[in-house]
Amino acid sequence: MAFSANAIIFPKHHSTTSSHLHWTSASSHQESYKPLTTSLKFHFQEFRASNTPLFAIPARTTSIEQPDVITLPTAPPSWREFAEKISGEWDGFGADFTKEGKPIELPESVVPEAYREWEVKVHDWQTQCPTLASQEHVSLTYKLIRLLPTVGCEADAATRYTIDERSVFSNQESSACSCFAYQPSTGCYAAVWPVKGQFDDSMSGNFRRVLELEHCLIHPDDRESRMRVIQVVSLEGNHQHYKVEVQSIKVFVEQWYGPFRNGDQLGGCSIRDSAFAATEPSKPSEIIGPVWQSVAAVAKFEDSENILIGEYADDGDRVPKTVVRDESNAILLPKKMWCSSSKTEDGDTCCEAGWLLSQGRAITSKFFFSNGLQTQPKEIHLACETAVTPDQ
């Protein structure tokens, strides 16, 4: 079968060793689903051992005779395992932060009069995030639903304020995901979402892009608890040299409330979490003080300029790498979260989000951008980190 020059393909570098976060995890809500059989995993690993692309997807075409469509590949066992982990009703709270990590108040027009009379500042949205990953094809859709703030248990009758629907391999260019990495064993993922309002100067070759870098981290000991950090970044320059700057940050604290129902079931007062934006941020001594040892799983995207979706693979011999964080780059957030944007020794830009799970134990997600590439990361890392020195 022949494909066009801009066909969507999977990376060629898949390892025969599946990637796992090496912590013992408690049983998860997904146990109610039928598990994948060992034979399926075995045969897929044999298939992945070849040097050929896993899938090629014909690019979208528009003509009088043919509608604007994308043909999706059949889901491999690894995607089905991921779909079981990520699908369902994820409810919680979300908040926006400045690039310095300061919480942003909700618009006054949406805040109940009672809060205004009591001079209570409101920073958090109650949110729903119904998510469905297909078991048949490599595709995923979720809705981010923001609910109008309410007083007391009126949350049970809350009104939807905004709905942001996003799809991997969407046929809507305005909401298409340009890069997606996933880990079957945990349900963690990372995604790049282009934002409208891009700028290109064909004469000079200069451009400006705005991207949302989404880091979805699921707690390895509690698969019903997750954090999502979205870094809104600008990329400005040309294809030989450009700089990456964080413009703002979005944080979502979410828990799993059951199988996918497309947001029909509202958690209301049964929500197990609470507003968090104005709570104390992480302590510098917990994040910046220690020297960390990191073991990463890696998804690589530098070999193609097409829209890609890839599975995290083990990073070589899994020798731990030493990580030391710079206080000047770290943005400390509530709920033991942080994020940063910094230059590496190789001159790449690293956009990171991390979650301190317990004292000296963290999980991190990193996007690496390199000059000379198009505006997508060359690699995305998902890592377990352990502190090897005591807090200062």
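Odds and ends about this structure:
- Note on Val388 and Ser370: the extension gain reaches 3.5 nm, defined as 0.36 nm multiplied by sequence separation minus the Cα-Cα distance.
- Computed label-point distance, nm, for sites Asp326 and Lys121 using a 7 Å Cα→Cβ extension: 3.0 nm
- Residues of the stretch 201-217 with amide N under 13 Å of a point placed 7 Å along Cα→Cβ from Asp164: 211-215
- Rounded to 0.05, the FRET efficiency of the Val291 and Met203 pair, given R0 = 45 Å and the Cβ-Cβ distance, is 0.40.
- Inter-probe distance in nm under a simple model that places probes 7 Å from Cα toward Cβ, at Gln240 and Lys378: 1.7 nm
- Theoretical FRET efficiency, 1/(1+(r/R0)^6), r = Cβ-Cβ of Ile104 and Asp314, R0 51 Å, to 0.05: 0.85
- Separation of the alpha carbons by more than 30 angstrom is noted, of Lys121/Lys283; Lys243/Lys321; Lys121/Lys366; Lys99/Lys300; Lys300/Lys321; Lys300/Lys343, for Lys121/Lys366.
Bear in mind these aren't lab numbers, they're just calculated from the coordinates by the rules spelled out. What you see is a predicted model, and the numbers here were worked out from it, not measured in a lab. Using ideal geometry, Cβ is built from the backbone for each residue, glycine included, and neighbour counts are taken over all protein chains shown.
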